[in-house]
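Structure record follows, encoded as structure tokens.
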Amino acid sequence: MTMRNTFAVGGIALSIGLLVLSSNADAQSLFGTQPRYGFHQPNLFYLRAALIAVSGIAGFGLGWFLSPQAAPLRRMILIGVLGLLAVIAIVDNGVMGWGLSSFMAMIAFAIGLGYWLRPLVERLRERPTSFGSARWANLDDLNKQKLLGSTGLSLGYVYDQQAEQHAMRYHGDRHLLTIAPNRSGKGTTAIIPNLLQYQGSIVVIDPKGENAMITAKQRQAMGHDVLVVDPMGITGMKAARLNPLDWLSIGDIEIGDNAMLLADSIIRSEGGDDPFWNEEAKALLRGVMLHVATDPSEDGQRHLGRVRDLLLLDGEDMKALFTSMLQSPLQVVRSTAARSLQKEAKLLSNVLASVQAQTHFLDSPRLRENLAHSDFDFADLKHKPMTIYLILPSDKLNSHGSWLRLLIQQALSVNARNIECQPDQPVLFLLDELPALGRLTMVEQAYGLMAGYGMQLWGIAQDASQLKRIYGDGWETFISNAGVLQYFGSRDQMTADYFSALCGVTTVWNASTALARAFGQTSGGNSSSTSTTITHTDTATGSQRKLAYPDELMRMDEARQLLLVENGHPIMGSKLPWFQDPKLKELGVNLHAQADAKAGQVHAAA
């Protein structure tokens, strides 16, 4: 504690002590010196209670009046008083009018002069930023970035100095990225609020199925075709189906490229694998898919389950398949068959084993049935309002994740090519658990190249380390090309360090007070003298500080979030669960409230 603060605290303590002593003396003078102020004092219980209550109310009211929340009221009172005085000064022709006219003339002069001098005064008040100029965004910054409004993608809320809540919305066409660990509220504060409000088409990965159960009715009420692709049936809702091989149309000049994109989504390329085996596996899978999609003998069974069955053929049956593929009108199918027949038995066996290992998910009866027919087309996303929920339980993301990769890859590819079609609202891809998809070519390309293609990607990961592990050195593509970075706090050190660096550094000023006393004594002959010198020094020094240290970000309150929007200042915003938001809680289905109600009914019945 500085010496100045010590004096201030001591003065306050002394004042309180004197007040208590004087009050005690007054009481003694009124009620005598007996214990507990005598035996015959009047009962003033209500008076004392009223005195305490009125004092508390008066203090509370004065504190509120002086607080930032009361600034508009103080401003109105000041304007009203000045207006009244101005009217009196103009209308009253007596002493009061003439007396006030000089005062109001000075006020008018000060206002007129201040109008022009205010920018200069504000510049003089600005402290130097020699060590860094980072700062938190204010409402003026958010207004300049057009982040305050009622339309666009919901980013949460921010509060002004009067504690008034303002919704933040993003209207840009760049992609978004959210870093949010488990149980941090990414679903209730980011995904679901946008599903309840966003007017454009949406494709959302929904591992738990809760997003569909909470928002599907609202999406239908908004005029959307709602499709719940739920092969495992965890929602109990009618499951929509999609056959990716329907994309491979005979006569389409891009049929070979489309088949390669499907193969690329099924065959995962891990960083440590020899690329030869992955590329050979993709080529073989592409050829067999094209054979199933186009050969007349496969009519009625053109689906990936049939592709899996053919890949499991052995010996002469496999050789017969390749021989029949040599008769295909498609050059890529003939090439696949010829190259397979030319391979040594051991090499072909290894390639087949690689393909078979990465198509195990097609042995699932539920997935085979879901992939056998099509109830919708991803190409319609830009032409009519649609909401597609892709539901796969979290415990199956590793074993059956290729199904999600397959559909996301196809959806992105179809809409990326249709660039001339620009819907009123971009097609939004909400990619929850993005790293669980593995390295996906179209996702990586979309973040780097496809802003403004009439679609927006919103990737969600638990931490930046996940992205780095999957995408290697290219993981920062997601950061550099995202128009919005949203951070909910993470215990991952690398992630906290990275976002701390993105916030930048600022200049802080440290004030210090020094008090020095010097004594001197001189003597000569029969005389001597002493002197005392007291020196008081106030200094202010600038130094560099990170705007947000990593440990501060890791300890961020669960109701807060960090936002970095395009090239603006960092935003320390707040997040509010949809079921606590007065504007949203009636739009969605509160599953927890329903569960509690059912539990109460069961308990009552028992």
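Could you tell me whether any residue of the range 238-252 is in contact with a strand residue (DSSP E or B) (Cβ under 7 Å, 6 or more places away or on another chain) and small (Gly, Ala, Ser)?
yes
Results for (1) surrounded by fewer than 21 Cβ atoms within 10 Å (Cβ to Cβ); (2) closer than 14 Å to residue 236 by Cα, shown as yes or no for each residue.
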| position | (1), (2) |
| --- | --- |
| 187 | no, no |
| 202 | no, no |
| 212 | no, yes |
| 220 | yes, no |
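Identify the single condition in (1) closer than 24 Å to residue 268 by Cβ; (2) under 20 Å from the mean Cα position of the chain (by Cα); (3) part of a helix (DSSP H, G or I) that residue 412 does not satisfy, given that it satisfies every other one.
Exception for residue 412: condition (2).
The rows are residues; the columns are (1) over 16 Å from the mean Cα position of the chain (by Cα); (2) modelled with pLDDT of 95 or more.
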site: 141; (1), (2): yes, no
site: 146; (1), (2): yes, no
site: 163; (1), (2): yes, no
site: 171; (1), (2): no, no
site: 195; (1), (2): no, yes
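Please find, within the range 78-91, the residue that is nearest to residue 109 (Cα to Cα) out of those that are in contact with a helix residue (DSSP H, G or I) (Cβ under 9 Å, 6 or more places away or on another chain) and of a type in the set (Val, Ile, Thr).
The residue in question is 90.
If a residue has to be under 17 Å from residue 362 (Cβ atoms) and of a type outside the set (Ser, Thr, Tyr) to count, how many in the range 255-295 make the cut?
19
So, in the range 420-469, how many residues would count as being closer than 25 Å to residue 384 by Cα, in contact with an Asp or Glu (Cβ under 8 Å, 6 or more places away or on another chain) and modelled with pLDDT of 90 or more?
So the answer is 3.
When you check residue 399 against the structure, is it outside the structural domain of residue 361 (by TED's automatic domain parsing), surrounded by 21 or more Cβ atoms within 10 Å (Cβ to Cβ) and over 29 Å from residue 560 (Cα atoms), yes or no?
Judged against the criteria, residue 399 is not a match.
Keeping to the range 151-162, report how many residues are within 18 Å of residue 451 (Cα to Cα) and part of a strand (DSSP E or B).
The number of residues fulfilling the criteria is 1.
I'd like to check which strands (runs of 3 or more DSSP E) are fully inside the range 473-552 and have at least 1 residues that are on the phi < 0 side of the Ramachandran plot and modelled with pLDDT under 75.
505-524, 527-546
For residue 227, state whether it is outside any strand (DSSP E or B) and surrounded by 16 or more Cβ atoms within 10 Å (Cβ to Cβ).
no
Residues checked against (1) in contact with a Ser or Thr (Cβ under 7 Å, 6 or more places away or on another chain); (2) closer than 24 Å to residue 164 by Cα; (3) surrounded by 10 or more Cβ atoms within 10 Å (Cβ to Cβ):
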| position | (1), (2), (3) |
| --- | --- |
| 71 | no, yes, yes |
| 74 | no, yes, yes |
| 108 | no, no, yes |
| 115 | no, no, no |
| 120 | no, no, no |
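Can you name the number of the only condition in (1) within 23 Å of residue 227 (Cα to Cα); (2) crowded, with 16+ Cβ neighbours inside 10 Å; (3) out of contact with any Gly (no Cβ under 9 Å at 6 or more places or on another chain) that residue 428 fails?
The failed condition is (3).
Go through the range 234-266 and report how many residues are assigned to a loop (DSSP other than H, G, I, E, B), among the aliphatic types (A, V, I, L, M) and in contact with an Asp or Glu (Cβ under 9 Å, 6 or more places away or on another chain).
Total satisfying the criteria: 3.
Got at least one residue in the range 382-390 being surrounded by 13 or more Cβ atoms within 10 Å (Cβ to Cβ) and either assigned to a helix (DSSP H, G or I) or outside the structural domain of residue 434 (by TED's automatic domain parsing) (or both)?
Checked against the condition, which is being surrounded by 13 or more Cβ atoms within 10 Å (Cβ to Cβ) and either assigned to a helix (DSSP H, G or I) or outside the structural domain of residue 434 (by TED's automatic domain parsing) (or both), the range 382-390 yields at least one hit.
Can you find, within the range 246-287, the residue that is surrounded by the fewest Cβ atoms within 10 Å (Cβ to Cβ) among those that are touching a residue at least 60 places away in the same chain (Cβ under 8 Å) and of a type in the set (Val, Ile, Thr)?
This residue is 255.
In the range 163-198, which residues are in a strand (DSSP E or B) and within 15 Å of residue 564 (Cβ to Cβ)?
The answer is 168, 170, 175, 176, 177, 178, 179.
What about residue 334, is it buried (at least 19 other Cβ atoms within 10 Å of the Cβ) and of a type in the set (D, E, K, R)?
No: the conditions fail for residue 334.
Output the number of the condition that residue 446 fails; it satisfies all remaining conditions of (1) closer than 15 Å to residue 481 by Cβ; (2) touching a strand residue (DSSP E or B) at 6+ places or on another chain (Cβ under 7 Å); (3) surrounded by fewer than 23 Cβ atoms within 10 Å (Cβ to Cβ).
Unmet for residue 446, out of (1) closer than 15 Å to residue 481 by Cβ; (2) touching a strand residue (DSSP E or B) at 6+ places or on another chain (Cβ under 7 Å); (3) surrounded by fewer than 23 Cβ atoms within 10 Å (Cβ to Cβ): (3).
Against the conditions (1) modelled with pLDDT of 70 or more; (2) farther than 22 Å from residue 193 by Cα; (3) not β-branched (Val, Ile, Thr), where does residue 562 fall short? Just the number, please.
Every listed condition holds for residue 562 apart from (2).
The values are calculated or read from the model by the stated rules, or taken from the named source; none is laboratory data. Everything quoted here is computed from the prediction, not taken from an experiment. FYI the Cβ positions are ideal-geometry reconstructions off the backbone, even for glycines, and counts take in every protein chain you see.
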